[in-house]
1. Looking at (1) within 11 Å of the chain's Cα centre (by Cα); (2) without any contact (Cβ under 8 Å) to a residue 60 or more places away in the chain; (3) open to solvent by 40 Å² or more (accessible area, probe 1.4 Å), which is the only condition Leu17 fails?
2. Where the second residue is loosely packed, with under 15 Cβ neighbours inside 10 Å and among the hydroxyl-bearing types (Ser, Thr, Tyr) and the first is touching a residue at least 60 places away in the same chain (Cβ under 8 Å) and closer than 11 Å to Gln31 by Cβ and lies in the stretch 152-163, which pairs have Cβ atoms under 8 Å and are six or more apart or on separate chains?
3. Those residues that are charged (D, E, K, R) and either under 13 Å from Leu104 (Cα atoms) or surrounded by fewer than 17 Cβ atoms within 10 Å (Cβ to Cβ) (or both), I need them from the stretch 55-70; list them, please.
4. Considering Ala130, Ala115, which residue is surrounded by fewer than 19 Cβ atoms within 10 Å (Cβ to Cβ), under 20 Å from Asp5 (Cα atoms) and among the small types (Gly, Ala, Ser)?
5. When the stretch 103-154 is examined, which residues are found to be within 25 Å of Ala64 (Cα to Cα), of a type in the set (Gly, Ala, Ser) and in contact with a helix residue (DSSP H, G or I) (Cβ under 7 Å, 6 or more places away or on another chain)?
6. Restricting to the stretch 29-54, name every residue that is touching a residue at least 40 places away in the same chain (Cβ under 8 Å), in a helix (DSSP H, G or I) and open to solvent by 40 Å² or more (accessible area, probe 1.4 Å).
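The values are calculated or read from the model by the stated rules, or taken from the named source; none is laboratory data. Predicted, not measured: the structure shown is a model, and the values here were computed from it. Every residue, glycine among them, receives a Cβ derived from its backbone with ideal geometry; neighbour counts consider all protein chains shown. Calculation scope for accessible area: heavy atoms of the full protein, side chains included, ligands and nucleic acids excluded. Shrake-Rupley method; radii C 1.70, N 1.55, O 1.52, S 1.80 Å.
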Amino acid sequence: ATPVDRRVRPIYGTLTLSFVAQGIQFPVLPQLARSLELGTADLGLIAATTALARLVSNAPAAAAAERFGRRPLLIAGPATAAVGMGLLACSDCFWHMVVANTCLGAGLATTTTAAQLYLADISTPRNRAATTAPLLQSALIGFAVGPAVGGVLAQHLGFSLPFAACATGLLGSSLASALLLPETLHEAASRPRDMR
């Protein structure tokens, strides 16, 4: 079997952190909203903001990745999500949480889109399945670990700490992408046709 490119490791680390960031919200966001005396409808709108931001950001992120490359988005995406997490950590009203979740959703969409394109660039027909299969695994790990970590930290250390901790991890992911990942935009196109 053709070996998998070692650049998949920082990509999967970035994706796992992104999914952990989403997972952390599940137990903590309702408690934070309740502490701010927000209603159920408010919480529903806040939660929907993340998904809407992702939906709106996916196509522009893909277009940007094709024009400017994957690496800038793998740096900017986690950093934008970290800003969203940081804003959630200090939110004190409905609109703060809406803005925070918009940043988070846009950052996660940018990261996921760029990561998928990056993995496609560094894979070949002989190792594509092995290169892309852990993508789902990173999502499952993130959605399993995120709620558990978020719940424990929120219960013992307050509602802000889970978001602050996740923001720190996402900033680390952005830095790792800047230091470890070269650009791959033209890599796939430069291969022989039978290796694409």
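1. Exception for Leu17: condition (2).
2. Going by the 8 Å Cβ cut-off, the qualifying pairs are Phe159/Ser35.
3. Applying the first criterion (charged (D, E, K, R)) to the stretch 55-70 yields 66-67, 70.
Result: Glu66, Arg67.
4. Values: Ala115 fails: surrounded by fewer than 19 Cβ atoms within 10 Å (Cβ to Cβ).
Sole residue among the options that is surrounded by fewer than 19 Cβ atoms within 10 Å (Cβ to Cβ), under 20 Å from Asp5 (Cα atoms) and among the small types (Gly, Ala, Ser): Ala130.
5. Selection gives Gly105, Ala106, Gly107, Ala109, Ala114, Ala115, Ser123, Ser138, Ala139.
6. Gln31, Ser35, Asp42, Leu45, Ala47, Ala51, Leu52, Arg54
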